[in-house]
1. Only Lys, Arg, Asp and Glu count, each charged at its Cβ (+1, +1, -1, -1), so figure out the dipole size of segment 27-244 about its Cα centre, rounded to 20 debye.
2. Which whole number of Å³ per residue matches the convex hull of the alpha-carbon atoms in segment 27-244?
3. For the cross-link pairs Lys36/Lys147; Lys36/Lys90; Lys100/Lys209, which exceed 31 Å when the distance is taken from alpha carbon to alpha carbon?
4. Just going by the charge dipole of segment 27-244, with Lys and Arg at +1 and Asp and Glu at -1 on Cβ, which of Gln150, Asn98, Pro137 is farthest out on the positive end?
5. For Val189, what residues show an amide H to amide H distance below 5 Å, using hydrogens built from the backbone and excluding near sequence neighbours?
6. Amide H neighbours of Val121 under 5 Å, counting only residues 5+ apart in sequence or on other chains, H built in-plane at 1.01 Å?
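Here, each number is a calculation from the coordinates, and none is a lab measurement. This one's a predicted model, so the numbers in the text were calculated from it and none came from an experiment. Here the Cβ is made from the backbone with ideal geometry for all residues, glycine too, and neighbour counts use every protein chain on show.
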Amino acid sequence: MAEENKGTIGERTELKRINMRLPQFEDDYALREAVKALRTNIEFMGEDKKALAVTSCVRDEGKSFVSMNLAMSLAESGKRVLFMDADLRKSVVIGRYNIKGHSDGLSNYLAARVNIDAVLVGTNLRKLDIIVAGHRPPNPTELLGGKRFQKMMGDLRSYYEYVIVDCPPIGEVIDAAVVAKACDGVILVTASGHDSNRFLLDARDQMEKSGAHVLGVVLNKMPRERQAHGKYGRYYGRYYGKSYGDYGREDKSE
């Protein structure tokens, strides 16, 4: 078992730094504004909403895109942010963002193979740190549901202003519900035309039965011709919070 680091996260002044390929959206004003709108919604939820799990019903709905861009937007606004890849079964983060030379991650830490210093790294975006998924384990649900994960989340909350956790799809495995219990809230991502209302409601119910607090839904991959407020881009649609009523409800104004 790796020896635990004696200091707290806040006492660490030097992190290993990695370069990651950051998305470039300078030419897509509406997309950038849409991500900022999501960020603003999160900020207005209050200081107690620091650790947020992001999931979807199934794969290919854009949850990793939304969670990473939310983390980046928060960091760009001056917040101290950690992005955590908790999709231990089929992560896309390392490949999508061209992260090289760093393979130890969350699974390695939760299995007590390494200490926190080996997995917590800085990035080339100021104020954004990251924990990658790590090596694929045989028991992801057990690792994510263990006391080591809960303690780690408590330590991270004490240092970071926001911890954004990219989770596996809730409609495929229970991991997202397990992670969400250690977070302050959950954001569901759904692709336009991808999920039925019933599927979304089932996902919400599953989360809430596990004790998680569902904050709202991001409608993603909305066709440009359906945008009522300009071009929001190919990947990002609208954010629906609690005030919109039923999750997955069809928006009649479209």
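1. Here the size comes out at about 160 debye.
2. Cα-based convex hull of segment 27-244, divided per residue, equals 120 Å³.
3. Violating the 31 Å Cα-Cα cut-off are Lys36/Lys147; Lys100/Lys209.
4. So the residue furthest toward the plus end is Asn98.
5. HN-HN under 5 Å from Val189: Thr55, Ser56, Cys57, Val218.
6. Those lying under 5 Å, H to H, from Val121 are Ile130.
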